[in-house]
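Chemist: Take this structure first; my questions come after.
The values are calculated or read from the model by the stated rules, or taken from the named source; none is laboratory data. Not measured: the values here are computed from a predicted model. Backbone-built Cβ (ideal geometry, glycine too); neighbour counts: all protein chains shown.
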Amino acid sequence: MRRIRLVAPILAFALIVAACTDDDGGGEGSPTAAGSPAGENTGTVNVLSAVEPEENEVLQNIADATINQEQSDYTVEFEQSGNFEEQVQIRSQGGTLDVILLPQPGTVVQQAQSGNAIALEDMGFDIAELESTFGEYFMSLGEFEGKHYGIPSNVNLKSMVWYPKDDFDKAGYEIPTTWDELTALSDQIKADGGTPWCVGYQSEGSTGWPATDWMEDIMLATAGQDTYTQWIDHEIPFNDPAVVNAGELFGDVMFGQGNVLGGAENTPSVAFGDAPLPMFDDPPGCWLHRQASFITAFFPENAEAGVDYDWFPFPSIDQQGTLFAGEMMVTFRDAPETRDFLTRFMGEEVQCAMGEEPGSSRISPNVNVESTCYPNPILAGASEVLSTALAGEGEAGFDASDQMPPEVGSGSFWTGMVQYMRDGQDSLQSVLDEIESSWPA
Amino acid sequence: MSSSATDPDAGLPAQTSKAGAALWLSVLRIAGALAIPVVAFFAMWATFDFLRSEDANRVIVVVVAVVVGVFGVFFLYWGMNKAVDLLPFRYREGVRPWIFVGPCLVILSVFLVYPVINTILISLKDAFGQEFVGLDNYRFVFSDDSMLRSIRNTLGWIVIVPLFATVIGLVYATLADKLRRGEAVAKSLIFLPLAISFVGASVTWKLIYSFRPAGFGSNIGLLNGVMQGLGQDPVAWIQLRPWNNLFLMVIMIWMQVGFAMVVLSAAIKSVPDEIVEAARIDGASEWQVFRRILIPSILPTIVVVVTYMVINAMKVFDIVFVFGNAEADETEVIAERMLRWFFISANQGRGAAIAVVLFVAIIPVMIWNIRRFREEESIR
């Protein structure tokens, strides 16, 4: 009798727990998908990205106006993180990721390699159709062991040089199309008492990346696409004469007396988003700024495209190069709602809506999206250059640092460029040697 | 075997049953140790499922969480304790301690011992944690320039931060103790930074160290404001190698002084007034009182504070990470390298090897701390 009384509380507790579990399981009553155990509709598609909070808001607005309104099976939630890389690493291992927007195709392959990402083939997508939509080159960047893992979701033109249009026209400057014309222009600006370039490489833990874009633009325009691809694949060393040549030309711009506002050695202290701002001073603190199409988000709010500023393609050196970067969607949970989301999101309707969304500087990698989708003339122009380059061959080159192994592309390349800026043109060879030695075996 | 001492029935004829009893005792001990974590695990699983359900009333969710979390665990221990009472007398006291210590041991081994062993294993493998590569990762840790710099810098952090934070905290605590009025206010001021997160503090200090080169507008940084006020050119503080390491350490010192001050102040207050007064009557100067009476009396507390800070400084990461490209600025520290290699460069082997090095480096500090603690205990 006494024993029963003692055991009673434990039993009672166990019963309560059991009762709770039963209630919960019965109450939900959601049908478990028979075909795929992981394919249960959770009602949400979470999209994690590294975009700025403002851009995340734009994405959410677009999704709310389109996908979230067109169907009621699930809700799309965009989420951005300042420490995206770490978040992806943690959550992919924890199995709590739906779709991510990866800004670096190198990491698409890495996610595929780790076995967490799901191949498009396995989700039933038609690769040939995707290739005609985004171009074979772009699709091939997300390929691993014969399967594709990434759907391009955004693209930005990197070979862009911005200038203060009104002042530029007033001063009677001409848009340069070749390297020699560019050099002549910057000499003329200096002769007129101005400073040609505004440059800033500061970006928290990623400080140095804008400098790698410069190097890549020059590599593409000097060595050509084949050598450029060999450089990415490490078929030529990082300190190859072709790279040294590009580094010298880059140094000529950076270290030339009076070429860069504040001096090259201070460029690692200037936030990349603040860098173009002196261009809008009166008179302009600088006249040229090389940066990708997203930079307009950092321009002063009252600056008007086509009046206060405009852009021209990075001049050709030995040939014309079109450097671009972009973002690819990678899926970690194969379910009807994630598949539906991918299909809708890459479609022309949503992509065109994205171009029309005010405050969005995203450009669709879908070559079928007309440039008329962009009320903004800057984006429309960039979209035209990109669609031509993506659909064709030879001209386009995807951001090299994004494709190199992360030890280099998100590490020693950035760091090396900062050291180059600080230690001067003579340090080029040792900087490139050091990056070469950091390449993983 | 300790049970045999308390077992009055143990006799010669029961030789075989004694071995059986020992076996039973071990089984019961293990079962007792496992029971609570296992039951708690399933109870939590069920509760967690319930707590996750979004339609559930929030109030009920909170009540369930509190009831299960507090009373559930209490009932588990209480029930297990009662269950032990049901055992035959000779087993009881042999099993009872295991009911209470066991769950802790089980949880520790699952959440601490297993990850440590796993980390050591990963540190011997390649970037993807797939193939064994021997000691390659450790060779990298002790040969890579950046890694060596991070070890140098971390050594700087564990010497400079505890030294300055403790000394400033001690001086401040001593002086504040002498205040007739406003001691609480004076202490709160120093204590405030401790309430900010490391990242928050770093962002604040980023503004203090802010630098803009000529042409990019006026300098908004406090330090450069002072420099310009003195007619000097602004300085890019965070690019100033190797001094930038010191500038970053200042942030941690700023944050930790409050902790040192509060703990030491409490210790100072517990020094008996009689001793201090006796010394003063004997003609000791204030400095002598401080040096000969106060410091020796609170030495154990100082040791605890220093140890805490050494361990904190070893693990510093946030401050360095927020301030930019550590490799280019040469401000790397071990914990920052670990994150960089493990997550950004996605090299699990190297990341784990760095983690193991950091872990091994902390062990002597812990052992020293435990030893001191034991000595203190034995004196009492």
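Chemist: Which condition number does B:SER109 fail, the rest of (1) among the hydroxyl-bearing types (Ser, Thr, Tyr); (2) more than 13 Å from every other protein chain (Cβ to nearest Cβ); (3) surrounded by 15 or more Cβ atoms within 10 Å (Cβ to Cβ); (4) within 30 Å of B:VAL306 (Cα to Cα) being met?
Modeler: Result: B:SER109 passes all but (3).
Chemist: For the stretch B:94-102, indicate whether the set of residues that are part of a helix (DSSP H, G or I), surrounded by 12 or more Cβ atoms within 10 Å (Cβ to Cβ) and within 14 Å of chain A (Cβ to nearest Cβ) is non-empty.
Modeler: First, the residues of the stretch B:94-102 that are part of a helix (DSSP H, G or I): B:94-102.
Now narrow it down to the ones that are surrounded by 12 or more Cβ atoms within 10 Å (Cβ to Cβ): B:94-102.
Imposing the further condition that a residue be within 14 Å of chain A (Cβ to nearest Cβ) reduces the set to B:99.
Checked against the condition, which is being part of a helix (DSSP H, G or I), surrounded by 12 or more Cβ atoms within 10 Å (Cβ to Cβ) and within 14 Å of chain A (Cβ to nearest Cβ), the stretch B:94-102 yields at least one hit.
Chemist: Now for a separate question. Which residues, counting only those in the stretch A:40-55, are surrounded by fewer than 19 Cβ atoms within 10 Å (Cβ to Cβ) and under 28 Å from A:ILE295 (Cβ atoms)?
Modeler: A:GLU52, A:PRO53, A:GLU54, listed by residue number.
Chemist: Being over 30 Å from B:VAL27 (Cα atoms), within 11 Å of another protein chain (Cβ to nearest Cβ) and in a helix (DSSP H, G or I), is that true of even one residue in the stretch B:61-69? Lay out the reasoning, then the answer.
Modeler: Our first condition is that a residue be over 30 Å from B:VAL27 (Cα atoms); within the stretch B:61-69, this holds for B:61-67.
Among the residues that remain, those that are also within 11 Å of another protein chain (Cβ to nearest Cβ) are: B:64, B:67.
Remaining after also requiring in a helix (DSSP H, G or I): B:64, B:67.
Within the stretch B:61-69, one or more residues are over 30 Å from B:VAL27 (Cα atoms), within 11 Å of another protein chain (Cβ to nearest Cβ) and in a helix (DSSP H, G or I).
Chemist: Restricting attention to the stretch A:371-400, which residues are under 19 Å from A:TRP162 (Cβ atoms) and of a type in the set (D, E, K, R)?
Modeler: A:GLU384, A:ASP399
Chemist: Here's a follow-up. Evaluate the stretch B:112-124: report whether one residue or more is in a loop (DSSP other than H, G, I, E, B) and either assigned by TED's automatic domain parsing to the domain that holds B:ARG241 or in contact (Cβ under 8 Å) with a residue 60 or more places away in the chain (or both). Please lay out each step first, then the result.
Modeler: Residues of the stretch B:112-124 in a loop (DSSP other than H, G, I, E, B): B:124.
Going one step further and asking which of them are either assigned by TED's automatic domain parsing to the domain that holds B:ARG241 or in contact (Cβ under 8 Å) with a residue 60 or more places away in the chain (or both), we end up with B:124.
Looking for residues that are in a loop (DSSP other than H, G, I, E, B) and either assigned by TED's automatic domain parsing to the domain that holds B:ARG241 or in contact (Cβ under 8 Å) with a residue 60 or more places away in the chain (or both), one finds at least one in the stretch B:112-124, hence yes.
Chemist: Go through the stretch B:70-84 and give me each residue that's over 13 Å from B:LEU28 (Cβ atoms) and either more than 32 Å from the chain's Cα centre (by Cα) or more than 10 Å from chain A (Cβ to nearest Cβ) (or both). Let's see the steps before the verdict.
Modeler: Taking the stretch B:70-84 and keeping what is over 13 Å from B:LEU28 (Cβ atoms), we get B:70-79, B:81-82.
Hits for the stretch B:70-84 are B:VAL70, B:VAL73, B:PHE74, B:TYR77, B:GLY79, B:ASN81, B:LYS82.
Chemist: Taking A:GLU434 as the residue in question, decide whether it is surrounded by fewer than 20 Cβ atoms within 10 Å (Cβ to Cβ), of a type outside the set (S, T, N, Q) and outside any loop (DSSP other than H, G, I, E, B). Spell out the reasoning first.
Modeler: On the way: surrounded by fewer than 20 Cβ atoms within 10 Å (Cβ to Cβ): yes; of a type outside the set (S, T, N, Q): yes; outside any loop (DSSP other than H, G, I, E, B): yes.
Judged against the criteria, A:GLU434 is a match.
Chemist: While we're looking at this one, here's another question. Does the stretch B:314-360 hold any residues that are over 27 Å from A:VAL108 (Cα atoms), away from chain A (no Cβ under 14 Å) and in contact (Cβ under 8 Å) with a residue 60 or more places away in the chain, and which are they?
Modeler: Kept after step one, since they are over 27 Å from A:VAL108 (Cα atoms), are these residues of the stretch B:314-360: B:314-320, B:323, B:329-334, B:356-360.
Now drop any that are not away from chain A (no Cβ under 14 Å), which leaves B:314-316, B:334, B:356-360.
The answer is B:MET314, B:VAL316, B:ILE334, B:VAL356, B:VAL357, B:PHE359.
Chemist: Only one residue in A:GLN60, A:GLN69, A:GLN93 is touching an Asp or Glu at 6+ places or on another chain (Cβ under 9 Å), assigned to a helix (DSSP H, G or I) and without any contact (Cβ under 8 Å) to a residue 24 or more places away in the chain, so which one is that? Don't jump to the end; show me each part of the working.
Modeler: Values: A:GLN69 fails: touching an Asp or Glu at 6+ places or on another chain (Cβ under 9 Å); A:GLN93 fails: touching an Asp or Glu at 6+ places or on another chain (Cβ under 9 Å).
Unique residue meeting the criteria: A:GLN60.
Chemist: I need the full set of residues from the stretch A:386-409 which are in a helix (DSSP H, G or I) and away from chain B (no Cβ under 14 Å), in order please. Steps first, answer last, please.
Modeler: Of the residues in the stretch A:386-409, the ones in a helix (DSSP H, G or I) are A:386-391, A:406-409.
Once the filter is applied, which keeps residues that are in a helix (DSSP H, G or I) and away from chain B (no Cβ under 14 Å), the stretch A:386-409 yields A:LEU386, A:SER387, A:THR388, A:ALA389, A:LEU390, A:ALA391.
Chemist: So which of A:VAL51, A:VAL109, A:VAL47 is part of a helix (DSSP H, G or I) and hydrophobic (A, V, I, L, M, F, W, C)? Before the answer, list the steps.
Modeler: Numbers: A:VAL51 fails: part of a helix (DSSP H, G or I); A:VAL47 fails: part of a helix (DSSP H, G or I).
Testing whether each residue is part of a helix (DSSP H, G or I) and hydrophobic (A, V, I, L, M, F, W, C) leaves just A:VAL109.
Chemist: If you scan the stretch B:78-93, which residues turn out to be surrounded by fewer than 15 Cβ atoms within 10 Å (Cβ to Cβ) and of a type outside the set (Asp, Glu)?
Modeler: Answer for the stretch B:78-93, where residues must be surrounded by fewer than 15 Cβ atoms within 10 Å (Cβ to Cβ) and of a type outside the set (Asp, Glu): B:TRP78, B:ASN81, B:LEU86, B:PRO88, B:PHE89.
To keep it simple, each residue is scored yes or no on (1) over 23 Å from A:ASN156 (Cβ atoms); (2) within 14 Å of chain B (Cβ to nearest Cβ).
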{"site": "A:GLY194", "(1), (2)": "yes, yes"}
{"site": "A:THR207", "(1), (2)": "no, yes"}
{"site": "A:PRO210", "(1), (2)": "no, yes"}
{"site": "A:TRP214", "(1), (2)": "no, no"}
{"site": "A:ALA221", "(1), (2)": "no, no"}
{"site": "A:ASP226", "(1), (2)": "yes, no"}
{"site": "A:TRP231", "(1), (2)": "no, no"}
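Chemist: Residues of the stretch A:114-133 being in contact with a strand residue (DSSP E or B) (Cβ under 7 Å, 6 or more places away or on another chain) and buried (at least 17 other Cβ atoms within 10 Å of the Cβ), which ones?
Modeler: Within the stretch A:114-133, A:ALA117, A:ILE118, A:ALA119, A:LEU120, A:LEU130 meet the criteria.
Chemist: Does A:LYS170 qualify as being surrounded by fewer than 23 Cβ atoms within 10 Å (Cβ to Cβ), more than 14 Å from every other protein chain (Cβ to nearest Cβ), of a type in the set (Lys, Arg) and under 30 Å from A:GLN257 (Cα atoms)?
Modeler: Working: surrounded by fewer than 23 Cβ atoms within 10 Å (Cβ to Cβ): yes; more than 14 Å from every other protein chain (Cβ to nearest Cβ): yes; of a type in the set (Lys, Arg): yes; under 30 Å from A:GLN257 (Cα atoms): yes.
When the stated conditions are applied, A:LYS170 passes them.
Chemist: For A:GLU136, state whether it is closer than 30 Å to A:ASP226 by Cβ, modelled with pLDDT under 95 and in contact with a helix residue (DSSP H, G or I) (Cβ under 7 Å, 6 or more places away or on another chain).
Modeler: Numbers: closer than 30 Å to A:ASP226 by Cβ: yes; modelled with pLDDT under 95: yes; in contact with a helix residue (DSSP H, G or I) (Cβ under 7 Å, 6 or more places away or on another chain): no.
It is false that A:GLU136 is closer than 30 Å to A:ASP226 by Cβ, modelled with pLDDT under 95 and in contact with a helix residue (DSSP H, G or I) (Cβ under 7 Å, 6 or more places away or on another chain).
Chemist: Then there's this: Would you say A:MET354 is more than 12 Å from every other protein chain (Cβ to nearest Cβ), aliphatic (A, V, I, L, M) and within 21 Å of the chain's Cα centre (by Cα)? Step through it out loud before you land on a result.
Modeler: Numbers: more than 12 Å from every other protein chain (Cβ to nearest Cβ): yes; aliphatic (A, V, I, L, M): yes; within 21 Å of the chain's Cα centre (by Cα): yes.
Judged against the criteria, A:MET354 is a match.
Chemist: Would you mind telling me which numbered condition in (1) of a type outside the set (A, V, I, L, M, F, W, C); (2) within 14 Å of chain B (Cβ to nearest Cβ); (3) in a loop (DSSP other than H, G, I, E, B) A:GLU265 fails?
Modeler: Of (1) of a type outside the set (A, V, I, L, M, F, W, C); (2) within 14 Å of chain B (Cβ to nearest Cβ); (3) in a loop (DSSP other than H, G, I, E, B), only one is false for A:GLU265: (3).
Chemist: Then there is this: Checking A:MET421 against (1) within 22 Å of the chain's Cα centre (by Cα); (2) of a type outside the set (D, E, K, R); (3) within 14 Å of another protein chain (Cβ to nearest Cβ); (4) buried (at least 24 other Cβ atoms within 10 Å of the Cβ): exactly one of these is not met. Which one?
Modeler: (1)
Chemist: Taking the criterion of being outside any helix (DSSP H, G or I), on the phi < 0 side of the Ramachandran plot and outside the structural domain of B:ALA19 (by TED's automatic domain parsing), would at least one residue in the stretch B:153-168 satisfy it? Before the answer, list the steps.
Modeler: As a first pass, look at the stretch B:153-168 and keep what is outside any helix (DSSP H, G or I): none.
Checked against the condition, which is being outside any helix (DSSP H, G or I), on the phi < 0 side of the Ramachandran plot and outside the structural domain of B:ALA19 (by TED's automatic domain parsing), the stretch B:153-168 yields no hits at all.
Chemist: Shifting gears a bit: Scan the stretch A:272-294 for residues that are at pLDDT below 90 and either closer than 25 Å to A:ARG422 by Cα or within 14 Å of chain B (Cβ to nearest Cβ) (or both) and jot them down. Let's see the steps before the verdict.
Modeler: We begin by selecting, within the stretch A:272-294, every residue at pLDDT below 90; these are A:282, A:292-294.
Across the stretch A:272-294, the qualifying residues are A:ASP282, A:ALA292.
Chemist: Can you tell me which residue among B:GLN228, B:GLN256 is surrounded by 13 or more Cβ atoms within 10 Å (Cβ to Cβ), more than 14 Å from chain A (Cβ to nearest Cβ) and modelled with pLDDT under 90? Explain how you work it out, then say what you get.
Modeler: On the way: B:GLN256 fails: modelled with pLDDT under 90.
Every option except B:GLN228 fails the conditions.
Chemist: Being under 20 Å from B:PHE191 (Cα atoms), of a type in the set (D, E, K, R) and assigned by TED's automatic domain parsing to the domain that holds B:GLU183, is that true of even one residue in the stretch B:260-283?
Modeler: Yes, the stretch B:260-283 contains a residue that is under 20 Å from B:PHE191 (Cα atoms), of a type in the set (D, E, K, R) and assigned by TED's automatic domain parsing to the domain that holds B:GLU183.
Chemist: Tally up the residues in the stretch B:208-225 that are part of a helix (DSSP H, G or I) and either buried (at least 20 other Cβ atoms within 10 Å of the Cβ) or within 13 Å of chain A (Cβ to nearest Cβ) (or both), please. Outline the logic, then answer.
Modeler: From the stretch B:208-225, those part of a helix (DSSP H, G or I) are B:208, B:222-225; that's our starting set.
The next check asks that each one be either buried (at least 20 other Cβ atoms within 10 Å of the Cβ) or within 13 Å of chain A (Cβ to nearest Cβ) (or both); those that pass are B:224.
Qualifying residue count, the stretch B:208-225: 1.
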